[in-house]
Amino acid sequence: MRIVSLVPSATEMLFALGLGTDLIAVTHECDYPPAARELPKITRDVLAPGLTAAQIDAAVRERTLAGEPIYELDSNALRDLRPDLIVTQALCSVCAVSYDDVRAVADEIETRPRVISLDPHTIGEVLGDARTLAQATDRKDAAVELVQDAGSRIDRVRLAVRDAPRPRVAALEWLDPPFAAGHWTPQLIEYAGGEDVLGFAGEYSEQRSWDEVVAAQPDVVIVIPCGYDAEIAHREAEMHRDELAAIGAGEVVAVDAAAYFSRPGPRLVDGLELLAHILHPERVPEAPGEALTVEL
C-alpha cells in the first residue's frame with residue numbers, strides 16, 4: 001500500500017503499526033521515528049523563520065482569520081505519487097494542511113485514494129485512531145498489541161500514584177499569550193496524579209490571561225509550548241520568568257512538547273510517565289525524556 005501521511009502523529013502511529021515501509025511521503029515536521037526524516041517531504045511552513053512566540057501567534061491568527069493556510073501542500077507532487085491512502089486531520093488548522101485542500105486534491109488523483117482524517121480529543125480517541133488505521137491497512141493484530149501495551153502502561157502509572165496527594169497543575173501550551181492546554185493533556189495530568197486547574201479534558205486549548213493563571217493557584221506549572229522541544233520550551237520560560245514567578249508555584253518545569261504532548265500519537269504515554277515522575281518522583285522514579293527546572 002502507498003501511504004502519504006500529512007500529520008506527524010499519524011506518521012508515528014503508522015510506524016508503530018509496522019507500516020513504515022508503506023509510507024511514500026510525509027510532512028516537513030515528521031521527525032520521529034528517525035526513519036521518517038529520510039522520507040520525501042510534501043509540505044512546507046509558510047510562516048517566516050525566526051519569529052518570536054508572539055509573532056507566531058499573531059501570524060497564525062491573521063492567516064486563520066483570512067482563511068489562509070499555515071502549511072502549504074505540494075499538490076502536484078501528491079498527484080504524481082498516486083497514493084492509495086492519505087492520512088490527515090481536521091482537528092487543528094495550525095497543526096497541518098487544510099483538510100478541504102487535501103480532499104480536493106485527492107478527488108483529482110487517478111487512484112482515488114482513501115482519505116482518513118484523525119481528529120482525537122482524548123486519550124481514548126488517540127488509541128482509537130490506531131484501530132482506525134489498522135482497519136484501513138490490515139494491521140489489526142499490531143493495533144491490538146499497541147493499544148494493550150499503552151493501556152498497561154497507563155494502568156501502571158495510575159496504580160503507582162493512587163492515593164497520593166494531588167498537586168494543582170497548570171499546563172501552559174503557549175506563553176505569549178498564555179494558553180491552557182486542552183484535549184488529552186488534562187487527562188494525562190489526572191492519570192499522573194495531579195489536578196489540572198486551567199484546562200478541560202476533551203476541549204480545545206484556551207487563551208488565558210496571566211492574572212487567570214495566578215488566580216488558579218497551581219502548585220506546579222508545566223511549560224509545554226506546542227511543537228517545541230525541552231530546550232526551546234525552557235528558553236521561552238526564561239523569557240517569561242517574571243510572569244511565571246508571579247504565579248507563586250512551588251515548581252516550574254519545561255518539557256519536550258513535540259515529543260510527548262503536542263502530537264496525539266503513541267508517545268503520549270511517555271508524556272504520562274514523564275508527568276507522573278514530575279508530580280510524584282518517589283512513586284515513579286524513572287521516566288522518558290527530561291524536565292528542565294525553570295529557576296525563578
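Where a number appears in this text, it was derived from the coordinates with a stated rule and is not lab data. It should be emphasised that the depicted structure is a prediction, and the values quoted were computed from it without experimental measurement. Reconstructed Cβ throughout: ideal geometry from the backbone, glycine too, with neighbour counts over all protein chains shown.
Between GLN148 and ARG114, the distance separating the two model label sites (each 7 Å from Cα on the Cα→Cβ line) works out to 2.4 nm. Using a ≥ b ≥ c from the Cα gyration tensor of region 208-266 (square roots of the eigenvalues), is it rounded, prolate or oblate, where a/c under 1.5 gives rounded and otherwise the larger of a/b and b/c decides, a/b for prolate? Prolate, since a/c reaches 1.5 and a/b exceeds b/c.
Can you give the net charge of the other residues whose Cβ lies under 12 Å from the Cβ of PRO8, counting K and R as +1 and D and E as -1? Numbers along the way, then the final one.
Working: positive: ARG37, LYS41, ARG263, ARG267; negative: GLU12, GLU29, ASP31.
Net of charged neighbours comes to +1.
The value of relative contact order for region 100-168, using C-alpha pairs under 8 Å at least six residues apart, is 15 percent.
Springs between Cα atoms under 10 Å define the GNM used for the chain, and in it the highest mean-square fluctuation of THR137, THR52, THR122 occurs at THR52. A viscosity of 1.567 mPa s and a temperature of 4 °C, combined with the Kirkwood radius over C-alpha pairs in the Stokes-Einstein formula, give the chain a diffusion coefficient of 66 µm²/s. Taking Cβ atoms as reference points and 15 Å as the exclusive limit, the residues near THR27 contribute a net charge of -4, counting Lys and Arg as +1 and Asp and Glu as -1. Neighbours of ASP196, meaning other residues whose beta-carbon lies under 13 angstrom from its beta-carbon, give a summed charge of -3 when Lys and Arg score +1 and Asp and Glu score -1. In plain terms, if you count all Cα to Cα distances in region 3-145 and split them into 5 Å steps from zero, the share in each step is 2, 10, 19, 21, 21, 14, 8, 4, 1, 0 percent.
Just from its helices, what would the mean residue ellipticity at 222 nm be for the chain, if runs of 4 or more DSSP H residues each count -39500 (n - 2.57) and the sum is divided by every residue, rounded to the nearest 500 deg cm²/dmol? Present the calculation step by step, with values, prior to reporting the outcome.
Values: 12 runs with 119 residues, N = 296.
After summing the helix terms and dividing by residue count, I get -12000 deg cm²/dmol.
The length gained by stretching the chain between ARG158 and GLN207 to full extension, at 0.36 nm per residue less their Cα-Cα distance, is 14.7 nm. A dipole drawn for the chain from +1 and -1 charges on Cβ atoms has a positive end, and of ALA233, LEU81, HIS280 the residue lying farthest that way is LEU81.
Both radii were evaluated on the Cα set of region 166-293; the Rg over Rh quotient, with Rh as the Kirkwood radius, amounts to 0.92.
Mean-square fluctuations from a GNM of the chain, with a 10 angstrom spring cutoff on Cα atoms, peak among ASP141, ASP176, ASP45 at ASP141. The label-point distance for GLU238 and THR122, in a model that sets each label 7 Å from Cα toward Cβ, rounds to 4.0 nm.
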